[in-house]
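The values are calculated or read from the model by the stated rules, or taken from the named source; none is laboratory data. Model, not experiment: these values are computed from the prediction. With ideal geometry, Cβ positions are generated from the backbone for all residues, glycine too; neighbour counts draw on all protein chains shown.
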Amino acid sequence: MTSLPKLTKQVMTGAAFCCTLWLAGCAQQQPAPVVNLIPKPVNLTLGEGYFRTDSASICDGAENIRYVINPDMAGEEAYRLTVTKNGIEAQAATETGLFYARQTLLQLLQSGGVPCVTIEDSPRFGYRGLHLDVSRHFFPKEEVMKLIDVMAYYKLNRLHFHLTDAGGWRIQIDKYPKLTQEAAFRTESDWRKWWDGGDRKYLPEGTEGAYGGYYTKADIREIVAHAAEKHITVIPEIEFPGHSDEVFQAYPELCCAGKPYSGGDFCIGNEKSYRFMEDVLTEIMELFPSEYIHIGGDEATKAEWKTCPKCQALMRREGMKSVDELQSYMIHHADQFITSKGRKLIGWDEILQGGLAPNAAVMSWRGEEAGFRSVRMGHNVVMTPGNYMYLDFYQAFPNTQPYAIGGYTPIKKVYSYNPIPKDSLTAKEEKHFMGVQGNTWTEYIPTPEHLEYMMFPRALAVAEIGWTPQDLRSWEDFKPRVNAHIPVLHRKGINAFTLSNEIDITMSVDTLKKQISVFMDAEKHPAEIHYTTDGSEPTQASPIYKDAVIVTDSADIRAAIFKDGQMQGEPTVKRVDYHRGINKPIHYYNRLYPGYMAGGMNALLDGYRGSLTYLDGRWQGYLDNLDCVIDMGEITDLHKVSSRWMQLTGPGVYQPTEVELLTSEDGKTFTSRGTMPTTISQDDSRLLFQEYTFWGEWKARYVKVKAKNPKGFIFVDEIVIW
Ligand code: ACM
């Protein structure tokens, strides 16, 4: 076969165009081929017509359907696919490559058969993973295998199985039978009652009404074998040294206090902890052939280690200066043990603390920095930064969604993630990026249906990030394809989220033209967006969004998707002001909270308003009071100063008790222009906003805004000055 030209983005978009031309040029009895592959292949050329077949013959092979091992092809997972009207030929160097050719064929198959196509394809990364927490809530093996099937369809190839945590121990271990007898069941299913509410007790297996479960060794073998058939490696995770509260219900001697409910960290100074680790990992390695074995490593509190005589004695003996080194000591031990068995250790990025073990790979979850640091030190990494890759975070505005752990990772945000940003690393360092993973922690995800709702379709974005070259990826191109896959997922029995009706309203501020361009986008496709700019409810008769809406002073934008004349969901609301404070210098007398800067020091004067979540990167948050001064550059006639604040008491976000405005001509003597108390009760747990607006006629160069913090976080999106 001749090599195919690499298609550019334009040419790929042109694939649909070409087939329209083809249809116009021939008898139109066949439906137009629809190619919606996820992940998008590296090279695709659409031909004319179809090869008539069905899914059974694609899977089992048939006359004219050939799967050929070609050892000359490069890449363990690469494949080449040629579909003509007369037949199908798939070539690959390995069975895995042929398996992926088959998945592509299954995705291509439609009522007319398989469209004629040539594809050359191979993944960007060798590690394309999903993580599943079965400790906080236990999911039956049938659900795990169902997820494995869907993963394979999207060419995901690693299932990171989070088997142990405070929620319950989930895997039979022969040498420590009490792990499942005593620590796999609990009093409550509901995490908010059980863990957050403090009514925390484990119950022995067999206790009536106890909630939980575990996988027997036979279950695990079945899962691992099923995954292997689907070319998926299951990576087991056993948590050390933190997140192990449940272990101490069964074996209390392994924690510093020697009793359950006293903490979640193993005692590092106790020899028995190492015997336990080796014994458990030995049984784990017998069950899981995975090259990598995950040993946790995240979020140890290290609290008891500071006073535990055994831990303190170890620190003295080894000359350790901090408890971080205790953690590192245990991880080094695990690294040696796992390496001695011919396997490799992987752990969450806290394993960097106190010194990274020599052979360890790192899962970067607390942002990306730990990943970059690790590859620079020559270690392999899997990138799974929380702000992009946590599928337990909200995928739409929280007030429209089932309760979630927090966070905000709508699919567009997930899809925007590029694990290797341009020019930041050398080619040698880039080789250490094994790939990407989406994580689903299940504290607030009690059922298989809810699990699928959180994972899908966001997992499809993860799949494409892991497979498709960065320069072939764009949200505009992915959007119609992911929409087309929602019914596909539903047909597979996956309870996928049907994507949000919200309008993603973004802005670009032009300080030269003194205007703001407002852009609207939706996850749904196609989406007919109607909007108003005067705060009125949009209707079918309101303008349809096509190009940027230009705002030179103020607009109250309301926008919604309309389908068959009906508004879908609630309108998305955004206030836009090209106000006089935009881009003026601001000085803070209070401390900014690094995690909630909203983009930087001028975030309060950048024209950007926040949305309905404080996690959208537009709300600036403080644990202190706000106390800031804005310099208008010259003495100015001012009429109105306002600021909008959020309250959401669940995560500890409160209205300021009061907001004060002061003005000054010289920056030294300030005159108070009023103080406005909040009208919102701290006991009100709803998502609430209050705008504090001061009207007047003031001559001033300096505008000072102060807000009193009652007790938690306070969040403001913009100070608007007219
Ligand atoms: C984690 O989210 N604790 C790895």
State which residue pairs qualify: first residue at positive phi and inside the range 376-389, second residue assigned to a loop (DSSP other than H, G, I, E, B) and away from the ligand (no atom under 14 Å from the Cβ) in any location, beta carbons under 8 Å apart, and separation of 6 or more residues or different chains. G378/H432
Does I338 count as within 19 Å of H160 (Cβ to Cβ) and either modelled with pLDDT under 95 or more than 16 Å from the ligand (Cβ to nearest atom) (or both)? yes
Pick out, from the range 548-599, the strands (runs of 3 or more DSSP E) lying fully within it that include 1 or more residues that are charged (D, E, K, R) and at pLDDT below 95. 566-577
May I ask you to say which residue of G599, G565, G607 is at positive phi and touching a residue at least 60 places away in the same chain (Cβ under 8 Å)? G607
Looking only at the range 209-235, count how many residues are charged (D, E, K, R) and farther than 12 Å from R170 by Cα. 4
Within the range 102-124, can you find the residues that are polar (S, T, N, Q) and in contact with a Ser or Thr (Cβ under 6 Å, 6 or more places away or on another chain)? T118
Failed condition for T447, given (1) under 14 Å from the mean Cα position of the chain (by Cα); (2) more than 26 Å from Y292 (Cβ to Cβ), with all others met? (1)
Enumerate the pairs (first residue in the range 428-453 and over 26 Å from F125 (Cα atoms) and in contact (Cβ under 8 Å) with a residue 24 or more places away in the chain; second residue anywhere and surrounded by fewer than 22 Cβ atoms within 10 Å (Cβ to Cβ) and among the acidic types (D, E)) with beta-carbon separation below 8 Å, excluding pairs fewer than 6 apart on the same chain, so at least 6 apart or on different chains. P446/D190; P448/E143
Identify all residues within the range 442-481 that are buried (at least 23 other Cβ atoms within 10 Å of the Cβ), within 16 Å of the ligand (Cβ to nearest atom) and not in a helix (DSSP H, G or I); write none if there are none. T442, I445
Some residue of the range 284-302 being out of contact with any Phe, Trp or Tyr (no Cβ under 8 Å at 6 or more places or on another chain), more than 27 Å from P236 (Cβ to Cβ) and surrounded by fewer than 20 Cβ atoms within 10 Å (Cβ to Cβ): no
How about the range 257-306: which of its residues are within 16 Å of the ligand (Cβ to nearest atom) and farther than 24 Å from K217 by Cα? G264, D265, G297, D298, E299, A300, T301, K302
Within the range 40-58, is there a residue that is aromatic (F, W, Y), touching a Phe, Trp or Tyr at 6+ places or on another chain (Cβ under 9 Å) and touching a residue at least 40 places away in the same chain (Cβ under 8 Å)? no
Counting only residues that are in a loop (DSSP other than H, G, I, E, B) and either at negative phi or surrounded by 12 or more Cβ atoms within 10 Å (Cβ to Cβ) (or both), how many does the range 189-209 have? 10
How many residues does the range 434-467 hold that are in contact with a helix residue (DSSP H, G or I) (Cβ under 8 Å, 6 or more places away or on another chain) and either modelled with pLDDT under 95 or of a type in the set (V, I, T) (or both)? 6
With the requirement that a residue be among the β-branched types (V, I, T) and within 29 Å of K40 (Cβ to Cβ), what does the range 446-464 give you? V462
Pairs where the first residue, in the range 494-510, is without any contact (Cβ under 8 Å) to a residue 40 or more places away in the chain and the second is outside any loop (DSSP other than H, G, I, E, B) and surrounded by fewer than 21 Cβ atoms within 10 Å (Cβ to Cβ), C-beta under 6 Å, 6+ apart: T498/I486; T506/F519
Taking the range 312-354 as the search range and keeping residues that are touching a residue at least 40 places away in the same chain (Cβ under 8 Å) and in a loop (DSSP other than H, G, I, E, B), which one is farthest from I295 (Cα to Cα)? K341
Output yes when any residue across the range 500-514 is among the polar types (S, T, N, Q), on the phi < 0 side of the Ramachandran plot, surrounded by fewer than 15 Cβ atoms within 10 Å (Cβ to Cβ) and at pLDDT 95 or above, and no when none is. no
Of all the residues that make up the range 655-670, how many are over 14 Å from P710 (Cα atoms) and touching a residue at least 24 places away in the same chain (Cβ under 8 Å)? 9
Looking at I420, I351, which is the one that is within 13 Å of the ligand (Cβ to nearest atom), touching a helix residue (DSSP H, G or I) at 6+ places or on another chain (Cβ under 6 Å) and of a type in the set (A, V, I, L, M, F, W, C)? I351
Is it the case that C19 is crowded, with 16+ Cβ neighbours inside 10 Å and modelled with pLDDT under 95? yes
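Residue-by-condition table, conditions (1) of a type outside the set (S, T, N, Q); (2) surrounded by fewer than 18 Cβ atoms within 10 Å (Cβ to Cβ); (3) under 29 Å from the mean Cα position of the chain (by Cα):
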position	(1), (2), (3)
V68	yes, yes, no
E77	yes, no, yes
T82	no, no, no
G87	yes, yes, no
A90	yes, no, no
T94	no, no, no
S111	no, yes, no
C116	yes, no, no
Of the residues in the range 607-618 that are crowded, with 19+ Cβ neighbours inside 10 Å and more than 20 Å from R558 (Cβ to Cβ), the one that is nearest to the chain's Cα centre (by Cα) is L615
Do any strands (runs of 3 or more DSSP E) lying entirely in the range 643-722 carry at least 2 residues that are surrounded by 22 or more Cβ atoms within 10 Å (Cβ to Cβ), and which ones are they? 658-664, 688-707, 714-721
Residue count, the range 363-416, condition within 16 Å of the ligand (Cβ to nearest atom), part of a loop (DSSP other than H, G, I, E, B) and aromatic (F, W, Y), comes to 2
Which members of the range 231-280 meet the condition of being touching a Cys at 6+ places or on another chain (Cβ under 7 Å), hydrophobic (A, V, I, L, M, F, W, C) and not in a helix (DSSP H, G or I)? C255, C256, F266, C267, I268
Could you say whether any residue in the range 422-437 is assigned to a loop (DSSP other than H, G, I, E, B), under 14 Å from the mean Cα position of the chain (by Cα) and of a type in the set (G, A, S)? no
Members of the range 184-243 found to be hydroxyl-bearing (S, T, Y), within 19 Å of L159 (Cβ to Cβ) and more than 29 Å from the chain's Cα centre (by Cα), listed by number: T216
Could you tell me which residue of the range 30-65 is nearest to the chain's Cα centre (by Cα), considering only residues that are closer than 23 Å to E95 by Cβ and hydroxyl-bearing (S, T, Y)? S55
